[in-house]
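Input: a single structure, listed below in structure tokens.
The values are calculated or read from the model by the stated rules, or taken from the named source; none is laboratory data. Predicted model only: the values in this text are computed from it and were never measured. Neighbour counts are summed over all protein chains in view; Cβ atoms, including those assigned to glycine, are modelled from backbone coordinates with ideal geometry. Calculation scope for accessible area: heavy atoms of the full protein, side chains included, ligands and nucleic acids excluded. Shrake-Rupley method; radii C 1.70, N 1.55, O 1.52, S 1.80 Å.
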Amino acid sequence: MPQSMQPGDAKAAEIKAVSIGKTFGAFHALKNLSLDIGRGEFLTLLGPSGSGKTTFLMILAGFTAPTTGRLMMDGKDITDVPAEDRSYGMVFQGYALFPHLTVEQNIAFPLKVRGRSSADVKQKVGEMVARVGLVGHEKKLPAKLSGGQQQRVALARALVFEPSVLLLDEPFSALDKNLREMMQQEVKRLHQETGTTFVFVTHDQSEALALSSRVAIFNHGELLQVGKPQDVYERPSNRFVAEFLGEINLLPLDTVELNGETAAGKFEDRTIILNKSITLAGKKAVAAVRPEHMFISASPQTSDCNAITCRVEGATYFGASTKYHLRTRSGTSLAVSMPTASTSPIAPQSDVWVSWPVHQGFLLPDGG
Amino acid sequence: MIGKSVTSRKILLLAPLLLFLGLAYVVPFLGVVRWSFTMPEVGLGQYRALMTDPLVQSVFIRTLRICLIVTAAVLVTAYAIAYVWVRGSSVQRMLAEFCILVPFWISVLTRAFGWLAMLSNRGLINTWLQSAGIISEPLALARNELGVIIGMTHFLIPFAVFPIASAMRSIDERVLLAARGMGASRTRIFWTVFVPLTYGGLIGAALIVFVFALGFFVTPAILGGGRSVMVAELVYLRIFQSPDWGLGAAISVVLVVFIGILLALMRRFIKPAHMIG
């Protein structure tokens, strides 16, 4: 991408949210949220519906005013700057295209608002149409386009005026799986090409992990954890994050002992060694391991591994992987996901060992 | 077939209306059509007279002029009221509802006389202005075209408010937000996004008001004071005051055909459901 801007360009903005709170009547939509959004990064706001992620996006856009707190952009306080003066690009859920304007006119709108010359508008719109792959559709009305094409128009319209920040509100929620994956790649490419700061809202954890440079996880109006996709997935700081980001096995532990970087706990009659990535307030804790980090074998694996005995209750075939449903002796249910190609089928009702490398398991507070 | 029986049952629900329309409008109107070709003698004589009679023509032209002015005045006023009704604060909405519904409950006759009391030479407005010393001679507000236009405009506003408000309600709020987010000023959003998205409602409202206005009788008769006769009043005069049933009938037929063409043209551009909302 020779003519494209690089991350860190002056075009991309840096945003700092300081103790943002928002109440609607008695409802606390956001509680004391502080978050730094880096220049040119791709930050995803992830959470279930009603978690406050969209409220935060609307505050970033300037459509909603925070009840408390300040918003800074490149060191300037923009809390009271109205949306029309922030000039961020925005892609709405449902795209919000102008239904009475053609593809071309939709994309030209923000340029015309800025009083660009018609030659400039024509050139920029032409470039953008080509960039999002809509050549040949310029004169169509949005109603004549497929969902994916409408999505491209929305992206083109939001990026054509080279905004310093692009906000995306669940842009793919209406698309089917294949189209969704294609558009995800498209958005990723546009992020790399423009170098603009992207803030992306979704409730789809795999989308968040696949796209972002960092993920911010919301629940009940609180920001629970921010980090690189790998960090939040493999080192969640609490149970909500651990369970929201994907399936996870939780084993209740007795007598947890902390020694420096690791912790040791008793599960049934075996000692389990875990990463201690969090500070533990109470004594109650669980061991957390993702299904794909565990494997099944006839004998316990001992080198740097934990192992427990289980009985196989069933299996679900997913093509590339097979998920086994197991139960420990004390009745805790487990799921283990293994590549189908590398394992021979395991018979139901057989007693097996489930093992996992020490560094893949981590300690979480119980009930938190 | 369940689907079929449900459909036929739905038609049954419509039956009283169809029956009423047939007996009260279609059949008598066929009689009117016959008169226009047979009275006083068989032939196209009445239509020829209609084309040449300067009085009839001046009434037609006046009717069209009044209807166009009234339609324009109604659309502007109704648009403003609908805007407040749909997008105003809760107090503004209540006020708008009051303005729309109260006139609805008062009979057309009462309202025409009410306007006469306001607008006539010794009516409220002229008396106030004279006693305040702003004017010395009363303004000619009633018993002329101006009076007719004021009275008709007031009567027709609610009929335009409903389709316009319905078009405004169906605008996706996010589209307006999107325009704001792209830096557009409120004035620009109003003229380049909001208004174009209500064109359907505006066209529907214009059609309803214009067609309705064409047949106005009571309001022009009272506020026009016989000096600005419109088509409906002319039909009345031809049939009840001069024994010229044939010409009256021919005028009615022309009016109905004209409205029919208008409706057919509009249907090509806009679905009826969009007009009413």
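Just so you know, in the range A:114-136 the residues that are crowded, with 18+ Cβ neighbours inside 10 Å and touching a residue at least 24 places away in the same chain (Cβ under 8 Å) include one that is nearest to the chain's Cα centre (by Cα), and it is A:Val132.
Does the range B:109-131 hold any residues that are in a loop (DSSP other than H, G, I, E, B) and open to solvent by less than 70 Å² (accessible area, probe 1.4 Å), and which are they?
Restricting attention to the range B:109-131, the residues satisfying the condition of being in a loop (DSSP other than H, G, I, E, B) are B:120-123.
Those that are in a loop (DSSP other than H, G, I, E, B) and open to solvent by less than 70 Å² (accessible area, probe 1.4 Å): B:Ser120, B:Gly123.
Scanning the range A:56-91 for residues that are in contact (Cβ under 8 Å) with a residue 40 or more places away in the chain, outside any loop (DSSP other than H, G, I, E, B) and more than 14 Å from chain B (Cβ to nearest Cβ) returns A:Phe56, A:Thr68, A:Gly69, A:Arg70, A:Leu71, A:Met72, A:Met73. Output the number of residues of the range A:148-186 satisfying the condition of being under 24 Å from A:Pro110 (Cα atoms) and outside any helix (DSSP H, G or I). Adding up the residues that qualify gives 13.
In the range A:187-229, how many are among the hydroxyl-bearing types (Ser, Thr, Tyr), open to solvent by 30 Å² or more (accessible area, probe 1.4 Å) and not in a loop (DSSP other than H, G, I, E, B)? Show your work before the answer.
Quick first cut of the range A:187-229, residues among the hydroxyl-bearing types (Ser, Thr, Tyr) only: A:194, A:196-197, A:202, A:206, A:212-213.
Now narrow it down to the ones that are open to solvent by 30 Å² or more (accessible area, probe 1.4 Å): A:206, A:213.
Filter once more, so that each one left must be not in a loop (DSSP other than H, G, I, E, B): A:206.
Total satisfying the criteria: 1.
Of the residues making up the range B:189-232, those that are within 14 Å of chain A (Cβ to nearest Cβ) and surrounded by 17 or more Cβ atoms within 10 Å (Cβ to Cβ) number 10. Scanning the range A:154-178 for residues that are in contact with a Phe, Trp or Tyr (Cβ under 7 Å, 6 or more places away or on another chain) and closer than 16 Å to A:Gly94 by Cβ turns up A:Ala154, A:Arg157, A:Leu167, A:Leu168, A:Asp169.
The residue list A:Asn275, A:Asn259 contains one member that is within 20 Å of A:Asp304 (Cβ to Cβ), touching a Phe, Trp or Tyr at 6+ places or on another chain (Cβ under 8 Å), modelled with pLDDT under 80 and open to solvent by 20 Å² or more (accessible area, probe 1.4 Å), which is A:Asn275.
For (1) in a strand (DSSP E or B); (2) farther than 21 Å from A:Ile248 by Cβ; (3) open to solvent by 10 Å² or more (accessible area, probe 1.4 Å); (4) among the charged types (D, E, K, R), each residue gets a yes or a no:
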site: A:Ala287; (1), (2), (3), (4): yes, no, no, no
site: A:Thr309; (1), (2), (3), (4): yes, no, yes, no
site: A:Gly314; (1), (2), (3), (4): yes, no, yes, no
site: A:Ser344; (1), (2), (3), (4): no, yes, yes, no
site: A:Pro348; (1), (2), (3), (4): no, yes, yes, no
site: A:Trp353; (1), (2), (3), (4): yes, no, yes, no
site: A:Leu363; (1), (2), (3), (4): yes, no, no, no
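Of the residues making up the range A:37-50, not a single one is within 14 Å of chain B (Cβ to nearest Cβ) and either open to solvent by 20 Å² or more (accessible area, probe 1.4 Å) or closer than 21 Å to A:Leu168 by Cβ (or both).
When each of B:Ile100, B:Ile106 is tested for being more than 22 Å from B:Val59 (Cα to Cα), modelled with pLDDT under 90 and buried (at least 18 other Cβ atoms within 10 Å of the Cβ), the lone residue that passes is B:Ile100.
Look through B:Leu64, B:Leu18 and report the one residue that is in the same structural domain as B:Asp172 (by TED's automatic domain parsing), free of Cβ contacts under 8 Å to residues at least 12 places away in the same chain, out of contact with any strand residue (DSSP E or B) (no Cβ under 8 Å at 6 or more places or on another chain) and open to solvent by 40 Å² or more (accessible area, probe 1.4 Å). Walk me through how you get there before you give the answer.
On the way: B:Leu18 fails: in the same structural domain as B:Asp172 (by TED's automatic domain parsing).
On inspection, the qualifying residue turns out to be B:Leu64.
Considering the range A:68-89 alone, what residues qualify as being under 24 Å from the mean Cα position of the chain (by Cα) and hydroxyl-bearing (Ser, Thr, Tyr)? Reasoning before the result, please.
Step one: list which residues in the range A:68-89 are under 24 Å from the mean Cα position of the chain (by Cα), which gives A:71-73, A:88-89.
Answer for the range A:68-89, where residues must be under 24 Å from the mean Cα position of the chain (by Cα) and hydroxyl-bearing (Ser, Thr, Tyr): just A:Tyr88.
Examine the range B:132-149 for a residue that is surrounded by fewer than 19 Cβ atoms within 10 Å (Cβ to Cβ) and under 20 Å from B:Ala82 (Cβ atoms), and state whether such a residue exists. The answer is no, given that none of the residues of the range B:132-149 is surrounded by fewer than 19 Cβ atoms within 10 Å (Cβ to Cβ) and under 20 Å from B:Ala82 (Cβ atoms).
Please work out if B:Val76 is within 21 Å of B:Phe210 (Cα to Cα) and at pLDDT below 90. No: the conditions fail for B:Val76.
Quick one: count up the residues across the range B:169-186 that are farther than 22 Å from A:Ala83 by Cα and within 14 Å of chain A (Cβ to nearest Cβ). Spell out how you get there, then give the answer.
From the range B:169-186, those farther than 22 Å from A:Ala83 by Cα are B:169-170; that's our starting set.
Restricting the remaining residues to those that are within 14 Å of chain A (Cβ to nearest Cβ) gives B:170.
Residues in the range B:169-186 being farther than 22 Å from A:Ala83 by Cα and within 14 Å of chain A (Cβ to nearest Cβ): 1 in total.
Is there a residue in the range B:134-155 that is more than 16 Å from B:Phe216 (Cβ to Cβ), within 22 Å of the chain's Cα centre (by Cα) and at pLDDT 90 or above? No, because not a single residue in the range B:134-155 is more than 16 Å from B:Phe216 (Cβ to Cβ), within 22 Å of the chain's Cα centre (by Cα) and at pLDDT 90 or above. Within the range A:99-130, can you find the residues that are among the charged types (D, E, K, R) and either within 14 Å of chain B (Cβ to nearest Cβ) or touching a Lys or Arg at 6+ places or on another chain (Cβ under 9 Å) (or both)? Selection gives A:Glu104, A:Lys112, A:Arg114, A:Arg116, A:Lys124. Scanning the range A:224-238 for residues that are within 16 Å of A:Leu35 (Cβ to Cβ) and touching a Phe, Trp or Tyr at 6+ places or on another chain (Cβ under 8 Å) gives a single hit, A:Leu224.
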